[in-house]
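This report concerns only the one structure given below.
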Amino acid sequence: MSNAGSKVDGPLTWFTSSYSNGAGGECVECARADDGGALVRDSKSVGGPVIVVRGQGWQTFVRALDNGELKG
């Protein structure tokens with residue numbers, strides 16, 4: 001993982017976590033990165049910091065969620 005500083009071409013399409021309930025609780029937004037990874041930010045602070053997760057790390061994380069290895 002690294003802070004946003006990685007080059008991302010073109011406009012980003014951010015999407016809200018499927019766990020967001022719209023009540024202003026803790027929410028994250030993600031955008032796809034060029035390498036198959038993801039950019040992650042706080043949905044309540046869209047101009048704030050962004051975490052960049054490289055492709056392999058993101059795929060491992062998503063697979064662990066799908067397999068029930070992590071609580072989502």
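The values are calculated or read from the model by the stated rules, or taken from the named source; none is laboratory data. Keep in mind the model is a prediction, meaning the values are calculated, not measured. Glycine gets a Cβ as well: all are built from the backbone with ideal geometry, and neighbour counts include every protein chain shown.
Brief remarks follow.
- Among the residues of the range 52-66, not a single one is at pLDDT 90 or above, in contact with a strand residue (DSSP E or B) (Cβ under 7 Å, 6 or more places away or on another chain) and surrounded by fewer than 16 Cβ atoms within 10 Å (Cβ to Cβ).
- Residue count for the range 42-72, restricted to those that are over 17 Å from F15 (Cα atoms) and among the hydroxyl-bearing types (S, T, Y): 1
- Evaluation of E26 against the conditions (1) at pLDDT 85 or above; (2) surrounded by 10 or more Cβ atoms within 10 Å (Cβ to Cβ) shows that the sole unmet condition is (1).
- Against the test of being farther than 21 Å from L65 by Cα, modelled with pLDDT of 65 or more and either touching a Pro at 6+ places or on another chain (Cβ under 9 Å) or not hydrophobic (A, V, I, L, M, F, W, C) (or both), the options G48, G36 yield a single qualifying residue, G48.
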